[in-house]
1. In the stretch 309-322, is there at least one residue being of a type in the set (A, V, I, L, M), surrounded by fewer than 21 Cβ atoms within 10 Å (Cβ to Cβ) and assigned to a loop (DSSP other than H, G, I, E, B)?
2. Out of the residues in the stretch 203-240 meeting the condition of being hydroxyl-bearing (Ser, Thr, Tyr) and over 21 Å from the mean Cα position of the chain (by Cα), tell me which one is surrounded by the most Cβ atoms within 10 Å (Cβ to Cβ).
3. Name the residue that is modelled with the highest pLDDT, counting only residues in the stretch 238-259 that are out of contact with any helix residue (DSSP H, G or I) (no Cβ under 9 Å at 6 or more places or on another chain) and assigned to a loop (DSSP other than H, G, I, E, B).
4. Consider the stretch 218-250. How many of its residues are within 25 Å of TRP278 (Cβ to Cβ), of a type in the set (Val, Ile, Thr) and in contact with a Phe, Trp or Tyr (Cβ under 8 Å, 6 or more places away or on another chain)?
5. When residues of the stretch 196-237 are filtered for being assigned to a loop (DSSP other than H, G, I, E, B) and hydrophobic (A, V, I, L, M, F, W, C), how many remain?
6. Working only within the stretch 51-107, note down all residues that are acidic (Asp, Glu) and in a strand (DSSP E or B).
7. Residues being without any contact (Cβ under 8 Å) to a residue 60 or more places away in the chain and in a strand (DSSP E or B): count how many of those fall in the stretch 108-139.
8. Check TYR365, TYR331, TYR336 and return the single one that is within 20 Å of the chain's Cα centre (by Cα), assigned by TED's automatic domain parsing to the domain that holds TYR227 and either assigned to a strand (DSSP E or B) or at pLDDT below 95 (or both).
Amino acid sequence: MRYLLGTAVAMTAAMSCAGSAHADEVVLKPVAEARVRYEHVDQDGLDASADALTLRVRGGASAASGPLSATVVAQGTLAVVGDYYDGLHGAATRPLVADPQNVALYLAQLQYRTPIIALTAGRQKIALDDERFVGNVGFRDNAQTFDAVRAEVTPLKGLKFDLSYAWSVRTIWGVDGHGARPQAVDGNNVFANLSLATPIGTLTGFGYLVDQDEAAMQGYRLSSQTYGARLVGSRALSTEVKLSWQASYARQFDWHRNPGDYHANYWLVDATLDVKGWKLNAGYEVLGAGGGPDGGKPFTSFQTPLGTNFKFQGWADKFLTTPANGVRDLYFGGGYHWKQLGPFSAVGLQGTWHRFESDRLDQHYGNEVDLLASAKLRRTTLSLRYARYDAREMATDTDKYWIQLDWAY
């Protein structure tokens, strides 16, 4: 951490010194964000509920001179009301809310960017495609960043190559992280992504080598290699109607020090229809059960340990780790959006229903309903969120709701 911070500060200082002679060549920009969130959880099997009122602030600055820039951002999370199990402290007598108190370096990166190439080194956010496999986990207060080097190359319009090497994953558990919920996970991670614009959408081929090289991380069983392809596109059917689609397929194998010997499949089909502010959505996502000599054992199903998993398979967080028998998620959703409603902009109402089943053995895990209302007032976004998981053959009935304010400068 001291190395990353020192490097970024040195770069900022160097560009500031250069700016003393050429003031118009250096642009300094502050970074300031704040979040206040109340999260309440009722979960069958636990006598007490969880009440978490947290405050998250981020502050820092970026300095840019031509194609060069340096960014340093620190963050802190405070539990104003801490009647919850944060995953690290105390006994799990209340439901888990994965927002432990924290003070840490969030970003410390150097970047060189032109219209053709972008090179980034240091602690940074990496969010690829829809963040299913590699993401920032932005919903959690402490989020997820990577100590990495990254190259993004766009040699031709519509063609992009994205390659990253990350030697450390900074987790959502913060400075007190330990054991299976560590502050950071070391390993030789490689993320490769090649995308091409086609008449039917953007076609992306990818290969993600995830190296969770820590014995505490399920005995290395979350190390994997995943290869696949993804197609995302949209088409206007009229001046007021648009159809969007996405489809993805991937195959995962054990990798590096993972003691398992397995393979598992992933696939997704999803379609959305926009009509005069109304949005209708349906999809089917499968994280398959594992095959091979160790298929059926824990952690041999399709796993996504570096993904922004809160975005998928319901907000109740019942499937952050894929069960041994895999999971199939059939979902339907809809909503309405206003560009402007009184003093508010980007006003939206939406809901989604999920049916969760196993990929093997014909188990009905449960159903879930997720609801969201959001609006923006100048620099502040207000969101109200609710999730209800109705357990059948996995986990327990759970109700969650959130009230959240986000402000960014």
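The values are calculated or read from the model by the stated rules, or taken from the named source; none is laboratory data. All of these numbers come straight from a predicted model, not from anything done at the bench. Here the Cβ positions follow ideal geometry from the backbone for every residue, glycine too, while neighbour counts run over all protein chains shown.
1. Taking the stretch 309-322 and keeping what is of a type in the set (A, V, I, L, M), we get 316, 320.
From the residues that got through so far, the ones that are surrounded by fewer than 21 Cβ atoms within 10 Å (Cβ to Cβ) too are 320.
From the residues that got through so far, the ones that are assigned to a loop (DSSP other than H, G, I, E, B) too are 320.
The answer is yes; a qualifying residue exists.
2. From the stretch 203-240, those hydroxyl-bearing (Ser, Thr, Tyr) are 204, 208, 220, 223-224, 226-227, 234, 238-239; that's our starting set.
Next, only the ones that are over 21 Å from the mean Cα position of the chain (by Cα) stay: 220, 234, 238-239.
Numbers: TYR220: 21, SER234: 13, SER238: 7, THR239: 6.
This residue is TYR220.
3. Taking the stretch 238-259 as the starting set, the residues that turn out to be out of contact with any helix residue (DSSP H, G or I) (no Cβ under 9 Å at 6 or more places or on another chain) are 238-255.
Next cut, assigned to a loop (DSSP other than H, G, I, E, B) only: 238-240, 255.
On the way: SER238: 95, THR239: 93, GLU240: 94, TRP255: 98.
Step by step, filter the stretch 238-259, then rank; the result is TRP255.
4. Start the filter on the stretch 218-250 by keeping residues that are within 25 Å of TRP278 (Cβ to Cβ), which leaves 231-247.
Right, trim to of a type in the set (Val, Ile, Thr) and you get 232, 239, 241.
Add one more test, that the residue is in contact with a Phe, Trp or Tyr (Cβ under 8 Å, 6 or more places away or on another chain), and what stays is 232.
So the answer is 1.
5. Step one: of the stretch 196-237, the residues assigned to a loop (DSSP other than H, G, I, E, B) are 199-200, 211-217, 221-223, 237.
Narrowing the set further to residues that are hydrophobic (A, V, I, L, M, F, W, C) leaves 200, 215-217, 222, 237.
Looking only at that region, the number is 6.
6. Our first condition is that a residue be acidic (Asp, Glu); within the stretch 51-107, this holds for 51, 83, 86, 99.
ASP51, ASP83, listed by residue number.
7. Residues of the stretch 108-139 without any contact (Cβ under 8 Å) to a residue 60 or more places away in the chain: 111-121, 124-125.
Retained after the next criterion (residues that are in a strand (DSSP E or B)): 111-113, 117-121, 124.
Residues in the stretch 108-139 being without any contact (Cβ under 8 Å) to a residue 60 or more places away in the chain and in a strand (DSSP E or B): 9 in total.
8. Numbers: TYR365 fails: within 20 Å of the chain's Cα centre (by Cα); TYR336 fails: within 20 Å of the chain's Cα centre (by Cα).
Exactly one residue qualifies, and that residue is TYR331.
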